[in-house]
Structure formats: structure tokens, C-alpha cells
Amino acid sequence: MKITADRYVPFNADPNSDEWYSLDEIVYRSRSGGLLDVQHDMNALKKFDGQYWRNLFDSRVGKTTWPYGSGVWSKKEWVLPEIDSDDIVSAFEGNSNLFWAERFGKQFLGMTDLWVKHCGISHTGSFKDLGMTVLVSQVNRLRKMHKPVVGVGCASTGDTSAALSAYCASAGIPSIVFLPANKISMAQLVQPIANGAFVLSIDTDFDGCMQLIREVTAELPIYLANSLNSLRLEGQKTAAIEILQQFDWEVPEWVIVPGGNLGNIYAFYKGFQMCKELGLVDRIPRLVCAQAANANPLYLHYKSGLKDFKPVKANTTFASAIQIGDPVSIDRAVFALQNCNGIVEEATEEELMDAMAQADSTGMFICPHTGVALTALFKLRNSGVIKPTDRTVVVSTAHGLKFTQSKIDYHSKEIKDMECRFANPPVEVKADFGSVMDVLKSYLLSKNSKQ
């Protein structure tokens, strides 16, 4: 199957605009300084009906045929159809678990059809792998074409740098990482270091790192890997297609996505919308973008009626990967929300940590960012916006093992000004049979009284 003519175009441009760029050009902004989007040859894709695409994508699940065993590259015709398979850099990312959160949904929310899409169960432990396989594959292609790319760089709050360094290491491409000093977990910091990235720890926040990497990539032949680069969103959108596929192509009512730099909410919209336009489904779900209250520029913008966006100074949040006050993809996020009747919610630090603890108590082990999304779900259920029987998907963006210190602090009740209502600290007991029996009897009695 030969599908071509994919290209960069100005995001949400006038249909009469003649501005476009080859995907083999190194370009991040339109002539006016706006965002770019990857435009696919929809006429070529529409030569095949929805049933064809459903059958094709389903036929590739669980296979080892390169590169289609990847959840991203199993949708290659919708991602980068022209790239040669030998240029693809993949860890067979995607195909992540869609978990029926039965106990959590029923016990805490009175819901019967709640699901968690565990995008963090991936090669480097976050959804960023989905986008990075696409970006690094294209860089690999560009370097083979002798384009001026000596390495790939990013600003990161942790997960982007982990994904970039791993995929670049796999391809033998140098990676350069700008991290805000003392603002990410050790588990996140060690990943780019272990994968051989050149790491700069900079005394600023993410927004400051982002400004610096933009300036550096404008002067040096370092390819920019942040979500300003629209290639990453092409990989991330496949999570939306995958959700539909895992539901046997039935559309959920709601999908809740944590939001920081805001590329992912647009990526989900784009994935769902492509499925609708190409006849795989007949509607798309409503999207909810969930932000930490300490870094909530989109939430404030939404509450103001989406008029006159104003960046904020992001304050420290346990959801460190979304601690961003001036999101690059604000225009993309607004477009997505306006076109799916979307909603924006926020979560305080106590709310997100309590939600994380509640989810963990039912067998999950989620990250704080997923706690933000679950808080949004709590609020929308309590207000009656989301109904008990609505099929709802919460997107979990990173693995909980990256954020163990926040869980330790919570269960130790060592977080200042936080009650930690669902803490479960270990019980200290003397090393003798009688003391152990007394503690166990008391515990079992308390359990029986709650049943």
C-alpha cells in the first residue's frame, strides 16, 4: 500500500493557505511563528473503508513482524507512511493495558464501566515513548539523508528526557537534556543518565528550560524533541486508536487526560477524529483535560470562557511532569476541547494524593498525574456530569514506580499541611509471638467490623 503526501502545515490554518513543508525539512514553526501540524493525505486513506482499517489494525496485534508489533507502528499508514522500516527506532511500545477498574469504580464512584489506560506500562515507563519512537525514527531517517542533525535535545520535567535518551541510545544518536534542577524524581533523573544522555541540570523551572532549548536549537544543529515538534503527537494519537480497538471499536463516553504542556489532549482528539473521518467509528468521546491546581493555566482559561489566555507561574506539585505554566500546545488543546465539547478540571495537592492512595488501595499503583485525572473524575461524578453507567477511560500517563517517594511521604504522613486520610503506615511491633498476635487480632477485628 503506497500512501504519500504527508506534510507539515500551519496548525488550524486557513484552508486556502499554500504554506506547507516536507516532513524531511527541519522546521518547528510556521512563517507567522505558529504551531505546525502533520497533515495526512486523507483522500488516499479514504480509498479504503473503515472495515479495511479495523481489520488491518486488528491483524497486527501481538505480532512480532517488524515494525508492526509496536502499538504505534501497527498504525504506520496513519503515522509516517513514507518512512522505511529500516529507519524505524522502536521498542514495541504501545499495546498497553486497558484495565477495568471494577473495584475502584464501584467502591468510590458507584461506576460500573470505569477503565484505566495504563500508558505508563511502556519501555521507559511513560506515554512519552509513543511519540518518541516517531520523532527519533524520523531523525534517524534525516541523519541517513545527511541532514544537519548532530543530536536531539529536549527540555523535560522527567518523562520526555527518559524516552528521548532511551530511543536515541538505541539508534546511536546523541541526546541532550535540559532538566530543571531539583524538580524531578530521582527515578526520572537516573533514566537519561543511565542511557548516556548529556544532562544539564539548570537552576530554573520547565518553562525556563523550554525557552533555553528553543534558543539553543535555533543556533546549533540539534533537533528539537519537545511537543512543539508535531511529530511526537503522531505517535501519541495512536493511544486513542488503541482504546477504540481494545473496546472492539465501540466508543466510550468519556476520556480523561492529565494535561501539562497540553500536546497529549490534542493527540487523543486527533486520533479519535481520524477514526471517525475514516469510518472506523461514527462519533468521538468527550475529552476532559485534568490539571494540577498548582499549574492550571488551561483550567483558568477554560473558566474565563477561553478568552485571552494568560500563562501562570507554576508552583510545585507532586504531579511534577505537568508542572508547566506556559504550555506550548495551548492552541491545540483549546481546538480539541472546542471540537469535542470537552471539559477542564483541576486537582489540589491533597485531592490528587488522596485519589492516588484510593486507587492504589484497590490494586493499582498509579502516578500522581493519574491522581489528577481521577480527581477530575470524582468531581464530574459528584456534579452528575458523568453518569454511573457512562463508559469512562482515565489515561494513566506514567508508571507509579517513578514516583515512590511521594507515596512514601504520603503513607508516612510526612507531607506538610496534608491530612493523608488514606495513609497506610507500617505498624511497629515487638519481636515476640504475643505482641504479633495482639496486633493481628486487632487488625482482623477492625476488618470484620467494616464488612
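The values are calculated or read from the model by the stated rules, or taken from the named source; none is laboratory data. None of these values were measured; they are calculated from a predicted model. When we count neighbours, we look across all protein chains shown, and the Cβ atoms used for this are built from the backbone with ideal geometry, even at glycine.
Figures for the structure shown
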{"quantity": "Every residue from the stretch 146-160 that is crowded, with 24+ Cβ neighbours inside 10 Å, of a type outside the set (S, T, N, Q) and not in a strand (DSSP E or B)", "calculated": "G158, D159"}
{"quantity": "Of the criteria (1) over 16 Å from C154 (Cα atoms); (2) without any contact (Cβ under 8 Å) to a residue 24 or more places away in the chain, which one S201 fails", "calculated": "(1)"}
{"quantity": "Single residue of A218, A187 found to be assigned to a helix (DSSP H, G or I), touching a helix residue (DSSP H, G or I) at 6+ places or on another chain (Cβ under 6 Å) and either closer than 19 Å to I324 by Cα or not β-branched (V, I, T) (or both)", "calculated": "A187"}
{"quantity": "Extreme residue, modelled with the lowest pLDDT, among residues of the stretch 48-78 that are in a loop (DSSP other than H, G, I, E, B) and either over 24 Å from F92 (Cα atoms) or of a type in the set (A, V, I, L, M) (or both)", "calculated": "V61"}
{"quantity": "Boolean, C367 is crowded, with 24+ Cβ neighbours inside 10 Å and either within 24 Å of L401 (Cβ to Cβ) or in contact with a Phe, Trp or Tyr (Cβ under 9 Å, 6 or more places away or on another chain) (or both)", "calculated": "yes"}
{"quantity": "Residue within the stretch 198-210 that is buried (at least 24 other Cβ atoms within 10 Å of the Cβ) and at pLDDT 95 or above present", "calculated": "no"}
{"quantity": "Qualifying positions in the stretch 300-327 - in contact (Cβ under 8 Å) with a residue 60 or more places away in the chain and crowded, with 18+ Cβ neighbours inside 10 Å", "calculated": "A314, F318, A319, S320, A321, I322, Q323, I324, G325, D326, P327"}
{"quantity": "Test for L98: is it under 15 Å from G235 (Cβ atoms) and of a type outside the set (V, I, T)", "calculated": "no"}
{"quantity": "Enumeration of residues in the stretch 293-328 that are in contact with a strand residue (DSSP E or B) (Cβ under 8 Å, 6 or more places away or on another chain), in a loop (DSSP other than H, G, I, E, B) and modelled with pLDDT under 95", "calculated": "Q323, V328"}
{"quantity": "Unmet requirement for A336, which otherwise passes all of (1) under 17 Å from W100 (Cα atoms); (2) touching a helix residue (DSSP H, G or I) at 6+ places or on another chain (Cβ under 7 Å); (3) of a type outside the set (K, R); (4) buried (at least 21 other Cβ atoms within 10 Å of the Cβ)", "calculated": "(1)"}
{"quantity": "Counted residues, the stretch 246-267 - those being among the polar types (S, T, N, Q) and either without any contact (Cβ under 8 Å) to a residue 60 or more places away in the chain or touching a helix residue (DSSP H, G or I) at 6+ places or on another chain (Cβ under 6 Å) (or both)", "calculated": "1"}
{"quantity": "Any hit, the stretch 231-239, residues being modelled with pLDDT of 95 or more, buried (at least 20 other Cβ atoms within 10 Å of the Cβ), acidic (D, E) and under 20 Å from the mean Cα position of the chain (by Cα)", "calculated": "yes"}
{"quantity": "Residue satisfying condition, being crowded, with 24+ Cβ neighbours inside 10 Å, part of a strand (DSSP E or B), touching a residue at least 40 places away in the same chain (Cβ under 8 Å) and within 23 Å of the chain's Cα centre (by Cα), within set V116, V136, V177", "calculated": "V116"}
{"quantity": "Hey, I330 among the β-branched types (V, I, T) and either over 26 Å from G400 (Cβ atoms) or surrounded by fewer than 16 Cβ atoms within 10 Å (Cβ to Cβ) (or both) or not", "calculated": "yes"}
{"quantity": "Breaking point among (1) in contact (Cβ under 8 Å) with a residue 24 or more places away in the chain; (2) surrounded by 14 or more Cβ atoms within 10 Å (Cβ to Cβ); (3) closer than 16 Å to V134 by Cβ, for D84", "calculated": "(2)"}
{"quantity": "Number of the exception - Y269 against (1) more than 24 Å from S70 (Cα to Cα); (2) at pLDDT 95 or above; (3) among the hydroxyl-bearing types (S, T, Y)", "calculated": "(1)"}
{"quantity": "Residue selected from the stretch 13-47 under the condition among the hydrophobic types (A, V, I, L, M, F, W, C) and not in a helix (DSSP H, G or I), by the criterion modelled with the lowest pLDDT", "calculated": "A13"}
{"quantity": "Contacts under 6 angstrom Cβ, first residue in the stretch 423-451 being free of Cβ contacts under 8 Å to residues at least 60 places away in the same chain, partner outside any loop (DSSP other than H, G, I, E, B) and not hydrophobic (A, V, I, L, M, F, W, C), 6 or more apart", "calculated": "P425/H411; V429/S435"}
{"quantity": "Set F104, F92: member being in contact with a helix residue (DSSP H, G or I) (Cβ under 9 Å, 6 or more places away or on another chain), among the hydrophobic types (A, V, I, L, M, F, W, C), more than 15 Å from L244 (Cα to Cα) and crowded, with 22+ Cβ neighbours inside 10 Å", "calculated": "F104"}
{"quantity": "Residue list for the stretch 55-76, filter: touching a residue at least 40 places away in the same chain (Cβ under 8 Å), surrounded by 19 or more Cβ atoms within 10 Å (Cβ to Cβ) and not small (G, A, S)", "calculated": "F57, V72, W73, K75"}
{"quantity": "L200, sole failed condition from (1) of a type in the set (A, V, I, L, M); (2) in a loop (DSSP other than H, G, I, E, B); (3) over 22 Å from the mean Cα position of the chain (by Cα)", "calculated": "(2)"}
